[in-house]
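The values are calculated or read from the model by the stated rules, or taken from the named source; none is laboratory data. Everything numeric here is computed off the predicted structure, so don't read it as measured data. Note that we place each Cβ from the backbone using ideal geometry, even for glycine, and neighbour counts take in every protein chain shown. Quick note on the areas: whole protein, heavy atoms, side chains included, nothing else; ligands and nucleic acids left out. Shrake-Rupley method; radii C 1.70, N 1.55, O 1.52, S 1.80 Å.
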Amino acid sequence: MRNIVQMMGNTYGRKVIRYLIDPRNKMDLSPEMITCLEQGDNNPFSKKDMVVRRTEVLDHVESTLLNAVIEHIGTWLKDNKNIVIVTSILLKCKGSRHEDALKAVAEYLATKPTWECIGNGGPFQMAKKLIGYKSKEAAEVECDDIFEREKQIHELFTNLLIASFDKTSMTNWIKCSQGMSILSYIRLMYKDNKEISVAVQAAIQNYGLKIQKTGEVGGKS
């Protein structure tokens with residue numbers, strides 16, 4: 001995995017990384033290929049259980065992947081193809097630098113909210129996946145189908161994201177429809193967390209007052 005940067009810049013290299021992280025992802029493999037691979041899952045001559053093998057492979061590469069995310073986040077998040085992989089890395093890996101990688105991504109996302117305006121909403125989609133974004137209806141219902149591990153990641157990333165905002169950067173998010181949608185979702189999901197809910201609500205109200213004063217279209221409802 002020494003050439004991880006080169007691999008991320010190559011279509012086939014990205015497929016290798018995706019397979020290491022999530023071996024049977026239907027987005028990467030055709031149904032025929034998955035069926036072919038499944039034939040070896042119960043091989044009686046295999047020395048190790050399939051789950052054990054997957055865990056060992058991921059344990060071996062996750063530190064390299066997480067370090068690479070931290071070092072190259074500014075470059076990788078400019079390409080939607082890489083955004084998908086970085087999101088998978090953050091949701092699947094558990095290495096000692098996992099929180100550092102989440103923090104690096106949160107800080108970058110919080111301070112670079114211009115993608116929607118230039119036609120690239122990928123980073124906002126990434127933020128949605130990392131906070132566990134769902135529709136309003138689904139958010140109001142307790143969901144038991146998410147692994148506890150992912151729930152912990154969603155909560156940790158949400159806290160890191162909110163902590164990464166200052167007044168200016170949060171206002172910039174509110175100006176974008178996707179950013180506003182994400183922050184509104186966070187306010188709903190963390191309504192019992194005063195630190196988060198108060199910060200988001202204050203920013204939304206502050207921007208609403210600015211709209212009223214300037215007469216900008218799309219004022220506070």
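Summary table
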{"read-out": "Loop-located trypsin sites (Lys or Arg not before Pro) in the range 33-88 whose Cβ has at most 12 other Cβ within 10 Å (DSSP)", "value": "Lys47, Lys48"}
{"read-out": "Heavy-atom accessible area ranking, 1.4 Å probe, most first, across Val84, Val69, Val51", "value": "Val51, Val84, Val69"}
{"read-out": "Label-point separation, Arg54 to Lys134 (7 Å along Cα→Cβ), nm", "value": "2.2 nm"}
{"read-out": "Flagged links, alpha-carbon separation over 30 Å, of Lys151/Lys194; Lys129/Lys194; Lys47/Lys92; Lys15/Lys194", "value": "Lys15/Lys194"}
{"read-out": "In Å², nearest 10: area of Met180 left accessible to a 1.4 Å probe", "value": "60 Å²"}
{"read-out": "Rounded FRET efficiency, nearest 0.05, which uses the C-beta distance separating Asp41 from Glu155 and R0 of 35 Å", "value": "0.60"}
{"read-out": "Heavy atoms of Asp22 accessible to a 1.4 Å probe, total area in Å² rounded to 10", "value": "40 Å²"}
{"read-out": "Rounded FRET efficiency, nearest 0.05, which uses the C-beta distance separating Thr75 from Ser30 and R0 of 25 Å", "value": "0.25"}
